[in-house]
There are 2 protein chains.
Amino acid sequence: MEPGDFFAPVADELKTVESNLETNINSSLAVLQEASTHLIRAGGKRLRPAFALLAARVFVDDLKPIIPLAVALELTHMATLVHDDVIDDSKTRRGTDTVKQLWGNRLSINAGNFIFARSLALVAAYQRCDMIKILADTSTKICEGEIIQLLGAYNTRVGLKNYLRRIERKTALLISVSCQLGALLTPASSREVAAFQKYGYYLGMAFQVTDDILDCVACPEVLGKPTGSDIRQGIITLPAIYALRFSPYRQDLHQWLSSPEQCISRTDEILDLIIDAGGIDYAHYVAQYYAEKAKRQLQFLPSKPITQNLGKMADFISHRDY
Amino acid sequence: MEPGDFFAPVADELKTVESNLETNINSSLAVLQEASTHLIRAGGKRLRPAFALLAARVFVDDLKPIIPLAVALELTHMATLVHDDVIDDSKTRRGTDTVKQLWGNRLSINAGNFIFARSLALVAAYQRCDMIKILADTSTKICEGEIIQLLGAYNTRVGLKNYLRRIERKTALLISVSCQLGALLTPASSREVAAFQKYGYYLGMAFQVTDDILDCVACPEVLGKPTGSDIRQGIITLPAIYALRFSPYRQDLHQWLSSPEQCISRTDEILDLIIDAGGIDYAHYVAQYYAEKAKRQLQFLPSKPITQNLGKMADFISHRDY
């Protein structure tokens with residue numbers, strides 16, 4: 001199964017989002033237009049728009065009013081990606097050159113800001129200040145998460161708590177907000193909106209843990225980037241945290257993972273030790289734990305086929321191997 | 001006279017803004033707190049808060065409700081400065097080390113985003129979506145301005161129109177919005193709000209032209225950065241545009257200003273040619289032209305001492321030599 005299958009109930013609306021992404025970055029500056037279009041064309045799973053649309057579809061049939069929100073959520077995500085590529089000095093993303101690689105750091109910083117401002121203007125048009133407040137608070141926390149990740153690089157003493165805080169901010173919060181805002185624009189009750197916010201949060205946690213597993217084990221063609229790219233950058237993810245504690249070779253792991261040079265020269269060796277120690281199995285267990293928590297929130301939502309679809313989505317996300 | 005003298009009618013409120021700047025960047029992350037605090041302590045003229053407060057004071061006595069806006073405007077300005085320092089690779093600003101210099105590019109990009117998100121949350125709390133819309137559109141244009149400046153570097157063919165568009169986005173728009181939003185939060189009529197928006201715009205243009213003059217002629221101690229820093233970075237400002245057209249040595253100027261190496265090795269020579277060609281006098285003339293336009297908007301505002309103060313402010317800004 002593909003994630004697209006779960007998005008089938010909102011497939012038409014996702015096509016509209018796709019075409020609106022480009023028209024919403026129309027700028028008189030050709031270079032800005034090119035950079036943004038390049039980023040849109042590089043594609044992505046459009047998870048955040050899909051969740052906003054799916055959440056709304058549980059309560060209403062007409063999703064036209066949700067489209068600008070869905071576009072804004074993807075733009076916000078894209079803005080963080082452009083800045084991330086500068087911060088991480090990334091040359092490729094999803095198998096194609098990054099904006100940073102093609103146009104340089106200076107343009108990328110501005111392009112990220114520009115895309116975020118556009119996203120904001122789209123949300124402002126709803127005239128719903130509660131939505132802006134949620135988006136502003138989420139952005140603040142996402143920035144903090146980035147910094148926690150920066151500060152924790154090559155630090156083999158970071159534990160589970162630090163890791164969970166990082167992935168919450170990196171991924172879970174924006175997926176949570178996508179579900180929450182999608183539901184907020186419908187006649188859903190505040191209890192239902194809260195259930196969607198939590199569903200998105202736990203699902204986002206499951207998603208990022210699984211992403212971190214894939215970074216250790218998936219083949220580069222599937223990932224669109226080299227296997228072990230987290231390790232190469234000194235980012236200590238859940239499988240590594242487990243192995244640092246339980247591997248018989250944990251002393252070697254501590255030494256290698258704290259050294260920027262060894263992280264690059266010994267990536268494959270480190271990956272093997274992590275896998276042998278059971279780090280991947282443990283991370284799978286954690287991903288499933290969050291998927292279950294996500295599914296449990298669905299009991300507070302109307303019992304419909306689309307709600308069951310969201311449950312299957314949670315299972316899929318914590319098991320996916322693409 | 002000092003700009004502070006013109007701000008006297010709102011001096012107490014500016015002190016409150018100053019203390020609120022720090023409390024509004026409270027983060028659990030020590031490094032973020034340090035970086036932001038460093039930036040606040042490095043000071044600045046707090047022009048944008050002052051204009052928002054002065055505009056409001058024309059219509060109301062109690063400025064408490066304007067304080068969060070004033071803080072948000074300065075935070076927005078500071079966020080752009082932090083990103084600018086990364087983009088321009090600046091080591092000092094206002095005579096002290098930049099955030100970028102002390103904490104590096106990666107933290108600076110995130111710190112800028114964090115500060116902007118905080119600013120947004122402050123404005124969102126007003127529950128006035130029209131304000132958010134104005135801020136989002138302004139941010140979009142400011143980003144475009146940055147890019148126009150990047151693209152035009154070392155391009156000696158850029159003309160007056162390109163320059164005016166650049167400084168509009170770099171400076172005039174945010175000062176204009178400061179005046180506009182300050183008035184918008186009072187019972188001012190829409191005509192009066194519009195007059196303030198234009199006053200701020202023209203005053204901002206006068207301010208930036210004067211800043212560009214000072215970058216050519218003021219001593220480094222006063223500027224807090226080396227004289228000729230624009231030229232060193234290949235930024236072609238108004239005095240240079242004039243000299244490129246009318247200097248008897250314009251061929252040399254074209255050659256030198258299009259070369260990143262010559263811009264650095266011949267900065268003083270270039271400055272001398274610009275001054276001898278009358279570039280500074282011409283720019284002074286343009287600054288005064290905008291100051292006059294700003295003053296003309298004041299006729300649409302209540303005739304009060306504080307309104308006359310705003311007129312004197314425009315004169316001062318276009319003549320200042322600090």
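Does A:T92 satisfy being surrounded by fewer than 23 Cβ atoms within 10 Å (Cβ to Cβ), among the β-branched types (V, I, T) and within 28 Å of A:A240 (Cβ to Cβ)? Criteria met by A:T92.
Report, by residue number, each residue of the range B:22-61 that is modelled with pLDDT under 95, of a type in the set (A, V, I, L, M, F, W, C), more than 18 Å from the chain's Cα centre (by Cα) and part of a helix (DSSP H, G or I). Scanning the range B:22-61 gives B:A30, B:V31, B:L32, B:A35.
Given the options A:I175, A:I235, A:I167, name the one that is in contact with a helix residue (DSSP H, G or I) (Cβ under 7 Å, 6 or more places away or on another chain), within 23 Å of A:C143 (Cβ to Cβ) and part of a loop (DSSP other than H, G, I, E, B).
Values: A:I175 fails: part of a loop (DSSP other than H, G, I, E, B); A:I167 fails: part of a loop (DSSP other than H, G, I, E, B).
Result: A:I235 is the single residue among A:I175, A:I235, A:I167 that is in contact with a helix residue (DSSP H, G or I) (Cβ under 7 Å, 6 or more places away or on another chain), within 23 Å of A:C143 (Cβ to Cβ) and part of a loop (DSSP other than H, G, I, E, B).
Selection within the range A:14-45: residues that are more than 14 Å from chain B (Cβ to nearest Cβ) and among the hydrophobic types (A, V, I, L, M, F, W, C). The member of this set that is farthest from A:I115 (Cα to Cα) is A:L14.
Yes/no per residue for (1) more than 25 Å from B:K293 (Cα to Cα); (2) buried (at least 22 other Cβ atoms within 10 Å of the Cβ); (3) in contact with a strand residue (DSSP E or B) (Cβ under 7 Å, 6 or more places away or on another chain); (4) without any contact (Cβ under 8 Å) to a residue 12 or more places away in the chain:
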site	(1), (2), (3), (4)
B:G104	yes, no, no, yes
B:A111	yes, yes, no, no
B:S178	no, yes, no, no
B:L181	no, yes, no, no
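Of the residues making up the range B:218-227, just one is surrounded by 17 or more Cβ atoms within 10 Å (Cβ to Cβ) and in a helix (DSSP H, G or I), namely B:L223. Can you name the residue in the range B:131-163 that is of a type in the set (V, I, T) and not in a helix (DSSP H, G or I) and is also farthest from the other protein chains (Cβ to nearest Cβ) among such residues? Taking the candidates together, the pick is B:T156.
Given the structure, is A:I134 buried (at least 24 other Cβ atoms within 10 Å of the Cβ) and either touching a residue at least 24 places away in the same chain (Cβ under 8 Å) or at positive phi (or both)?
Here the answer is no, as A:I134 does not meet what is asked.
Looking across the range B:91-130, the residues that are within 8 Å of chain A (Cβ to nearest Cβ), in a helix (DSSP H, G or I), over 19 Å from the mean Cα position of the chain (by Cα) and among the polar types (S, T, N, Q) come down to B:N105, B:N110. Checking A:A35, A:A70, A:A55, A:A50 one by one, the residue that is crowded, with 24+ Cβ neighbours inside 10 Å and in contact with a Gly (Cβ under 7 Å, 6 or more places away or on another chain) is A:A55 and no other.
The values are calculated or read from the model by the stated rules, or taken from the named source; none is laboratory data. Bear in mind that the values here come from a model prediction, so they are computed numbers and not experimental data. Note that each Cβ is placed from the backbone with ideal geometry, even for glycine, and that neighbours are counted across all protein chains shown.
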